[in-house]
Structures are given as C-alpha cells and as structure tokens.
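The values are calculated or read from the model by the stated rules, or taken from the named source; none is laboratory data. Only a predicted model underlies this, so the values are computations on that prediction, with no experimental measurement involved. Quick reminder, even Gly has a Cβ in these numbers, built from the backbone with ideal geometry, and neighbours come from all protein chains shown. Ligands, DNA and RNA are stripped out before the accessible areas are found, and what is left, the full protein with its side chains, is counted by its heavy atoms. Shrake-Rupley method; radii C 1.70, N 1.55, O 1.52, S 1.80 Å.
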Amino acid sequence: MKETKRKLLAIGAAALLTTALAGCGSSNSGSEPSASAPSGSSAPTESSKPADSSQAPTLVWWTIGGQVPANFDKAVAAMNEYTAEKIGVKIDIKVASWGDWDTKINTIVNTGEPFDIMFTNNSKYSQQVAMGAFADLTDLVQSETPELYNFIPQKVWDGTKIGGKIYSVPTYKDSSLTQYWVFDHKYVEKYGIDTASIKTLQDLDKPFRDMKAGEGRSFYPLPLTQGDGFNGFFNGYDDMTLGLPPIGVKVDDASRQAVSVLEQPDIMDGLKLLHQWYKDGIINPDAPTKTEADKGRPFFAAQAFPGAEANWQITEGVEKYDMFPIFGPIYTTSTIQGSLNAISANSKYKNEALKYLQLVNTDSKLRNMLAFGELGVDYDPVDGEKVIERKTDTWPLAAYTQGTFFNMAVTKGAPVDQWEQVRKLNDQATSSTNLGFALDISELSTEVANTKAVWDKYRYELLTGASDPEQMVPKIVAELKAAGMDTIMNAAQEQIDTYFQ
C-alpha cells in the first residue's frame, strides 16, 4: 500500500487517542466512563419522535453477557416503552453466555437464523463479512443516520472497514489495549504480595503457590474458564484481525514476519507454566469445561482502564481489588475492531436497526438503561445522567458491547478524573509495527474456516493449562497446517509486504 495510506492510518490512530479504554478482554469488565462527550466530537441532538409509535417493529439483537436476571424482561420493557415513543423501534435482546457465545453466534450465522443486530468483534468480524452475513452500511449510515455517522470520528469508521466498506457500527470508546492483572486485596495483605515487582507470568508463581499453601487444597489461586483461558495470553502478537491466535506478527517485529505463534519460545514457555499450574492445583481442574466464572475470584487478568476495579468489586462481591497494568497500552487494528455491532444482510429493518444504534450512541437515558439495567432496581441516579449508584450485581449485559461510553454515566466509586487517566494511558500507547493492516480473507475463506475449527478443538485445554504443550502443540500445528495454515501465512506475508512497501 502506498505511503499516503500509511500516513492516513497513523493519523487515524492519533485521532483515536481521544477515545477511552474499555474492558473488552474480560468477561466481567464493565467499567463506566463519564457522560460528557470528548472534545472535538459532534454533540448528540435529540432524535425526532415518530408520528406513530404504536406500530413499532421489534428488532432481535444478539449480544454477549451473563445469566439473565428475573427482572430482565421488565428492564427491557422499560427500554422499549422509551424507544417506541422516541423513534418507533423496540428491541428483543438475546443474550449468549460468555461460554456459549462462540458456538451460538457461529450457529446463527452458519444456519441463517434471523436476527437484526449482532455484537461481533475482531475474532469473528472479517470471517462473518466474507460469509455475507452482514449488510453493507457504507451509504445507509450516512443517509439514514447522519447524527450517528457524524458523532463517531471518521477514523474510527475507517478502522472497521473491510474492502473499503462499512459493515458495522463501531463502539466509540477505545482503540488501544492495556492488560491488567487483578488480585483480591485480602490475599495481597495476607501473603505480603508485592504487586509492583510482578512483571512476567513467572513472577506470579510464588504468590500463587503461597496462596495455595495457605488457603488449602480446594482453593484455586488462578480460577479459569474455557472461554477466556488466561486472558491476554497472546497480547504480544498482532493477529491481523484474523481472529486466529496461532497466526500473527510480533507487535514489535520491525520485519513484520507472519509466524506460527504457538511455536514461538515465549509462548511455549507460558504454556508450559500454565500446564504446571494446572497439574499443581493452582488452576481449577474443571477449567477446560467451565463456562461461567464464579464470583469472588482471588486473581484474574483483563483488558481494562483506571477505575475498572470499582465495577468489578460490585460484580465479584469483593471488598477491594488491587489491579496493576502488565502490558500496553498498545494499538493494533484488532483493538480498533474490538467491539462492533453489525446488521444482518437479511434484516427487513436495516434502517430501523441503524436508528436504534444511533439512539444508543446519542441518548444518555437509553445508554444507561442498557448498561445498568432497571432504574430504581439495578441502579439509581446520583448526578442526573452523569453518575449512577449500582444497587445490584446481576445485570448481565456488558457495557463495552453496546455503544459509546461518552454518553454513559460513571459508577459511583470510580475516579472522578477517570477519563483524564484514560487519556494519559492512550497518550503513552505504542503501536504495533503492523498497525493499519487487516488481512483480506476473501480468497481464504475455506482455509480460515478449517483452521479455526482446528483451533476450537484444542484451545480450551491448551489455554487453561490442561494440555501438555510439548505434546499438544506439535499435534495442533500439524493439524493447522493440514487445514491450510501455511496458505494463510503465505498470503498474509504477501499482503503485508505489499501494504508496507
């Protein structure tokens, strides 16, 4: 690709510095930003009220989240009463659990099950677009929802494009990734854990073993589930938006070589350590099959930003969490595509779906209901739409999947300068040497589908430590190669070399 394009993408990354870092990598993340829009953005204006809201269509929105609480239908009904009056659209929110999301969403797309809106991310997006699952919104988003199009910066839209076209509404919040490790403070105090000295995976070994020895046989210092494994394990490699961790480019590799990630020494060392922890009872024995995390985890890893612990303390039922950054902040094309909402290519209500997403991104009242649940039951306002106090820990929807954070309330207890802290983090963000590049898989659909199927067979056991990597990695790599990994890697290298020439 020409130098001009690279410069534009670099400018795009800079433009994204005004956005906020969200907890996209954690199944329990959901920290909240302030309600004020960032400087330089178009201020949202009230959507026009429809002439007749009694005939409002109900759209199906598939998203990811936790177990649906008893008041879920009541909370959604309150949203629908508001949006039917506001824009003549209602929503039927379908929640795929954290552990079932991969399988459920794949089934929906592969079978053509009807839906209108679907949360997606960099692990699935390009493949779903290649399959024709999502509508081309390039012109529609400008003609039907100009308020939404103008509110989200052009460079954020550009970061979600595939083949120059828009197939999703990006979540205008963050573009960089910062990984945190999080300890329950009571164990930090009890076992004298010096979190400032923890820099690597190996540095976790002593505190984990101290906790295990002190708390007993049935206590697991590193509780894992199959969906996450050890969250952020592959952060050091840019997956080129492929959503297939075994293929990537090391984020600081100036030569931009596509490699077999599982065979890299740093990854093998980490996998061996996970396996040792699993054998020694540091990791729970049911990790490869466990789909939902228990509350009150003594330790976990998550993508996040300053103040996220205020929300985790509520959802986990923990008095205090100590969290510290371990990786990043860093920009990759995949982090820009970390949270997207697409519209079905077969939806009868594409215009209405876009208008609903526009309202989510421009209306604080709806935004807070989606993020926090039923007003007066799950949360109470403290300062209008700007600060709320959460009353329950059962609302299942993940705020980072829905829309911008810039019109959403801060949770009471989060830092008042939360956004300034986030901006400082983003100011410090480095860039992957491969930033701006997204692998074109239009001619690789079969190989991508086959290699992902192989990876899905083994990843739960590998990333929870249940498998011996010295035995399993060669087996996995052999199957990946038989499924077309070399073809993908060769195509990736050709595209990278052309893009950055």
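Peptides 287-299, 90-102, ordered by how many other C-beta atoms sit within 10 Å of their residues on average, highest first, read 90-102, 287-299. Starting from a Cα-only point model with no solvent, please compute log10 I(q)/I(0) by Debye for the chain at q = 0.07, 0.12 1/Å. Values returned for q = 0.07, 0.12 Å⁻¹ are -0.35, -1.12.
For the chain, the share of DSSP beta bridges that are antiparallel, to the nearest 5, is 65%. Net charge in the neighbourhood of TRP98 (other residues with Cβ under 10 Å of its Cβ; Lys, Arg +1, Asp, Glu -1) is -4. Just so you know, the Rg over Rh for segment 449-501 is 1.11, from Cα atoms, with Rh as the Kirkwood radius. Between VAL382 and ARG209, the simple spin-label model (points 7 angstrom out along Cα→Cβ) gives 4.2 nm. Extending 7 Å from the Cα toward the beta-carbon at both ASP73 and THR430 defines two label points whose distance is 5.3 nm. Here segment 460-501 and segment 54-102 have alpha carbon centers that stand 38 Å from each other.
Between the beta carbons of TYR82 and ASP139, assuming R0 = 45 Å, the FRET efficiency works out to 0.95 to the nearest 0.05. When the C-alpha to C-alpha distance is required to be over 25 Å, the pairs from LYS86/LYS412; LYS165/LYS481; LYS320/LYS412; LYS186/LYS272; LYS104/LYS452 that qualify are LYS86/LYS412; LYS165/LYS481; LYS186/LYS272.
For segment 249-347, the share of accessible area belonging to carbon and sulfur comes to 48 percent (1.4 Å probe, ligands and nucleic acids excluded).
In terms of overall dimensions, the C-alpha atoms belonging to segment 363-458 reach 52, 32, 27 Å along their principal axes, ordered largest to smallest. Positive contributions from Lys and Arg (+1) and negative ones from Asp and Glu (-1), summed over other residues with Cβ under 15 Å from the Cβ of ILE108, come out at -2. The orientation-averaged projection of the convex hull spanning the C-alpha atoms of segment 353-398 amounts to 3.3 square nanometres. Here's how it looks for GLY248: its modeled amide H is under 5 Å from those of VAL259, VAL261, which are all 5 or more places away or on a different chain. Working note: Karplus 6.51/-1.76/1.60 with θ = phi - 60° gives segment 290-306 the couplings 6, 9, 10, 6, 6, 6, x, 4, x, 7, 7, 10, 7, 6, 6, 7, x Hz, where Gly and Pro are set to x. For segment 97-205, the Cα gyration tensor yields ellipsoid semi-axes of 39, 20, 12 Å (square root of five times each eigenvalue, largest first, whole Å). Using the rule -39500 (n - 2.57) for each DSSP H run of four or more residues, divided by the residues of the chain, the 222 nm mean residue ellipticity is -11500 deg cm²/dmol.
The packing ranking, built from the mean of other Cβ atoms within 10 Å per residue, places the peptides 458-464, 237-243, 81-87 in the order 237-243, 458-464, 81-87, highest first. Each residue of segment 185-191 was assigned a 3J(HN,Hα) from its phi angle through the Karplus expression (A = 6.51, B = -1.76, C = 1.60, θ = phi - 60°), giving 4, 5, 7, 4, 5, 5, 10 Hz with x at Gly and Pro. Packing order of peptides 205-217, 308-320, 366-378, highest average first: 366-378, 308-320, 205-217 (average count of other Cβ atoms within 10 Å over each peptide's residues). With a cut-off of 14 Å between beta carbons, the residues surrounding VAL76 carry a summed charge of -2, where Lys and Arg count +1 and Asp and Glu -1. Taken as Cα centroids, segment 137-170 and segment 362-404 sit 26 Å apart, rounded to the nearest whole angstrom. Working note: Karplus 6.51/-1.76/1.60 with θ = phi - 60° gives segment 86-99 the couplings 7, 10, x, 9, 10, 9, 10, 8, 9, 10, 8, 5, 4, x Hz, where Gly and Pro are set to x. Each listed q (0.15, 0.24, 0.30 Å⁻¹) maps to a log10 I(q)/I(0) for segment 417-466, found by the Debye formula over equal Cα scatterers with no solvent: -0.78, -0.87, -1.04. Distance between the modelled labels on GLU443 and THR289, one decimal in nanometres: 4.5 nm (7 Å Cα→Cβ projection).
Geometric descriptor of segment 305-365, per residue, is 166 Å³ (volume of the convex hull of the Cα atoms).
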